[in-house]
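The values are calculated or read from the model by the stated rules, or taken from the named source; none is laboratory data. On a predicted model such as this, the values are computed, not experimentally measured, just so you know. Every residue, glycine as well, gets a Cβ built from its backbone with ideal geometry; the counts of neighbours run over all protein chains shown. Areas reflect the complete protein model, heavy atoms only, side chains present, ligands, DNA and RNA absent. Shrake-Rupley method; radii C 1.70, N 1.55, O 1.52, S 1.80 Å.
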Amino acid sequence: MTSSAPSKVGRWSPIVAVFLLSAGLVGCELVLLRALAITQWHHFSYFVISTALLGFGVSGTLLAFAGKRLVRQFNTWATIFTLAFALSIAVCFRGAQALPLNPQFVLFSGEQAGLLIAYHVLLLVPFLLGATVIGLALMHFGGRIHVVYGSNLLGSGIGGLGALLLMFILSVEEILLIASITGLAAAAGWTVTAFADHPPTAAGAPHMRVPGQVRVRSLAIAVAVAAATLATLALTWPMTLQIDSHKPLAIALLLEEQGDAEHLLTTSGPRARLDAFESPLFHNTLFAGFTALSPPPPQLTVYADGWAVGTVFKIDEPGEAEILDHTLMSVPYRLLDRPRVLLLGEVGGPNVWLAERWNADSVTVVNGNPQLVSLISVDLAELSGGVFTREGIEVIVADPRLFLEAARQVNYDLIQLVSAEGMSVGGLLAIHEDYLLTREGLAIALRRLRPGGLLAVTRQQQDPPRDNVKLLQTHAESLESLGFSDPGAHVVQLRNYLAVITLASFDAFSDSQCNEILAIAAELQLDVEWLPMAGFEPTEQYARIPGPSGELGSYYHYAAREVFSPRREELVSNWVYDIRPATDERPYFYNFFRWGSIPALREAFGDVWFRKLELGYVAVVAILAEVMLVGGVLILLPLIFRRRQWANTKGGRLATGLYFFLLGLAYMSLEMLLIVRFTHFLGDPILSAGGVVSAFLVFSGFGSLLSRRLFRFAGNAITASIAGICALGAVYAFVLPDLFAAAAAWPTAARMVVTILLVSPLAFLMGIPFPSGMRRISGARPSLVPWAWGINGFASVAAPPIGILLVTSIGLTWATLLGGGLYLCAGLLATGLPGSARSRN
């Protein structure tokens, strides 16, 4: 135990140790997310890292059983667990990478299911060890809980921001090593604390045997041995990322091994790892149709986190890209004369060559990822024919939706949503926000068109149809929001055997335009699915797709006819997928999951029905189910097996459990919901993650640190802070959308300042209820502290999937209000916490 009058070193070294450990934990979490995004499928990495964070909850159960014994020799066990945390980062990730896991077969192979469990356990270990130390510190420093928790939050915020900044200059393997070194530094901090508690024996009494001093020397030796072990691991067992064999990058690497491809470069950053390959076997020209007779040009493929995101033609002039004239994307150019073109989300340059082939007056490329823009403009400039630096081509690094909102005085003849082009990825984007493909996003794009201009979106076909049907629904509501009573008069939809192009215009299509479209369709052998022309009916299809029984046309034509009729709501209700338009309140265009569709999919597709589900959504549900199952069991275990020891805590257990569970749910839910909101406002997920999350944690840390100075009594602190949280949450739920719209054209720096100003007061208040509640129970029922820590940890892991599910169903505004409601319920339960509301804070 600490001395009654600890030195300044002894007073500050444990706070520094908690700070460093928390920084290492959050840094490890972010880097593992980045590493798993590269090596695995997106929904799988989300699933694994959420499971790993269960370590915070498990630590509470561990401490509920063993915490009293461990806290007796706090410095020793804190040092041991922290050293184990530092080494486990290096060992466990390497071990997980070495497992022959194939996530695609987990549902069909017992061996793969076992490997998945082993993968989860390995990644859980560092978080379990680190969280155990923080929970142990909360138990040990009962009188300074607000300081311990505040340093935990401050360290988490600084560690997260530091990890993101390091991603600009270092690889994920190198940053994981830094996280381990941070853990070693934290262990050294605990050793300093032990030294301060047991200073060297005074001169003149060298013969006295002091066990505490022996332990201090042993701890110092352990830190040195751990540092040597980590250095040996780094030198003799290099960490390499093993890419999932089914990802496109793994196939490219295999071609390189065979001598059929050349790996030109790899560059890493917080947004993605980018790879560029050249191969004579690459023949990609997206959505070229039946009439394409000339071969595609020699090309490169660009991969982001293992996925092919762009094709780069190795040409110098547009005349070398004749095949582009036979793609669906050429259709709007055939309807326009020397258009002014806006390409939103263009990556490799093929659409720039297409625009030049059709004599575009000017081309503006907008892409929100500066890594990709730099790759094409600088690293691959010579190989790409300088496609982004040609005369008449303007390249802007900006979020496409924010660009549309800010460029209110500039209009275009053709706006092409290139970011929506691509092949289906099995529902992996279901939980990915896209503010461009919302009802409001398409309405803004339509307002940026010149008279007679076109908005073009091309998407791959699906079976059963979903993306392109949802797009029609979104266009219909967007046009109606602009005041058009007959939205079908402003939309055209055509397809070839691969994909569907949907054209929308602020002006209704005339009969002459419709006849021109029919002529283009005949020339390119396209099937017209919707044309606002009196008497139009589909003819014999070039690329046969079935339709409802008794219908001449395909399901696409049937869906379009119903969308632009009074039967639209009936279509939405009966369709096998959720085709409700995405909105700024629910910005998940790629979420098509419907529980009621499972029986129909099982009947239609038999054993492969699971492949037709939205895997991203299923992953969220699976995370929630796992957290609730594991968390429920581990929360109940102490109640069952510690009944005798907790016999005198009956009055406060239920209130304690519910209070800290609700705090965990509410804190993480509001944080996640605000990240979604501010991602739209800032237009950059890195700024949102780095700025919002770090600001949240840092200002919450300040709230915790200052809570005792601001409030004399714990009860007053809880009541006042929760009242403020509920009030601010309600204001933000209704005010933020209008505020963001008004400030959309502001510079990025100004929007970042606004973000911090908005986040800081709410985050400050949200940092108070946890330490104030802990202070109450630590004084009255200290045995409940580790249990409360674990419950809060489980709730924090459950909150993000619950938040996502809520947003997809009720929208951001109501989900935010619900988060405030959870805080209100916690405040009401605080009256039942052990200890007096008038106890010192």
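Among 266-273, 539-546, sorting by the average number of other beta carbon atoms lying within 10 angstrom of each residue, highest first, gives 266-273, 539-546.
Residues whose amide H comes within less than 5 Å of that of Val410, counting only those at least five positions distant or on another chain, are absent (H built at 1.01 Å from N in the peptide plane).
For the range 173-180, 3J(HN,Hα) computed residue by residue from phi via the Karplus equation (6.51, -1.76, 1.60; θ = phi - 60°) reads 4, 5, 6, 4, 5, 5, 4, 5 Hz, glycine and proline entered as x.
Using a 1.4 Å probe, what is the accessible area per residue for the chain, in Å²?
Details: 32550 Å² over 841 residues.
Per-residue value: 39 Å².
Distant-in-sequence amide contacts of Gly310, defined by a placed amide H-H separation under 5 Å and a gap of 5 or more residues or a different chain, comprise Val302. Checking the a/c ratio against 1.5 first, then a/b against b/c, what shape does the Cα gyration tensor give for the range 441-578? Oblate.
Taking only Cα atoms, what is the 0 to 90° angle, nearest 10, from helix 714-742's long axis to the longest principal axis of the chain? Around 20 degrees separate the two axes.
Each Cα pair under 8 Å and six or more residues apart adds its separation to the average, and for the chain the resulting relative contact order is 15 percent. Per-residue ellipticity at 222 nm from helix content only, as computed over the chain with -39500 (n - 2.57) for each DSSP H run of at least four residues, stands at -19000 deg cm²/dmol.
Here the range 495-562 has an Rg and Dmax of 11.9, 34 Å, counting Cα atoms alone.
The angle between the Cα long axis of helix 694-710 and the main principal axis of the chain comes to about 30°, on a 0 to 90 degree scale.
Highest average first, the peptides 746-757, 582-593, 239-250 ordered by how many other beta carbon atoms sit within 10 Å of their residues are 582-593, 239-250, 746-757.
Let me know the shape class of the chain, please: from the alpha-carbon gyration tensor, a ≥ b ≥ c as square roots of the eigenvalues, rounded when a/c is under 1.5, otherwise prolate if a/b is greater than b/c, or oblate. Prolate, since a/c reaches 1.5 and a/b exceeds b/c.
Kirkwood Rh over Cα pairs of the range 692-841 into Stokes-Einstein at 4 °C, 1.567 mPa s: D in µm²/s?
Estimated diffusion coefficient is 78 µm²/s.
Please say if the range 516-604 is rounded, prolate or oblate, where rounded means a/c under 1.5 for a ≥ b ≥ c the square roots of the C-alpha gyration tensor eigenvalues, and otherwise the choice is prolate for a/b larger than b/c and oblate otherwise? Prolate shape, in that a/c is at least 1.5 and a/b is the bigger ratio. Residues whose amide H falls under 5 Å from that of Phe593, counting only those 5 or more places apart or on a different chain, are Asp578, with hydrogens built in the peptide plane.
Per-residue 3J(HN,Hα) values for the range 316-322, derived from phi via the Karplus relation 6.51 cos²θ - 1.76 cosθ + 1.60 with θ = phi - 60°, read 10, 9, x, x, 7, 10, 4 Hz in sequence order (x marks Gly and Pro). Considering the range 302-427 at the alpha-carbon level, its Rg and Dmax are found to be 14.0, 39 Å.
Pairs of Lys residues in the chain that lie 8 or more places apart, or on two chains, and have C-alpha atoms under 25 angstrom apart add up to 4.
Against the main long axis of the alpha-carbon atoms of the chain, helix 812-829 sits at an angle near 20°. DSSP finds beta bridges in the chain, and of those with both partners inside it, around 65 percent are antiparallel.
What is the packing order of peptides 80-88, 803-811, 705-713, taking the mean over residues of other C-beta atoms within 10 Å and listing the highest first?
Answer by packing, highest mean first, reads 80-88, 803-811, 705-713.
Compactness check for the range 706-750: Cα Rg over 2.2 N^0.38 Å is 1.72. Per-residue accessible area (protein heavy atoms, 1.4 Å probe) orders Ile169, Ile802, Ile791 as Ile169, Ile802, Ile791, starting from the largest. Taking label points 7 Å from Cα along the Cα-to-Cβ direction, Asp463 and Val753 give a separation of 5.7 nm.
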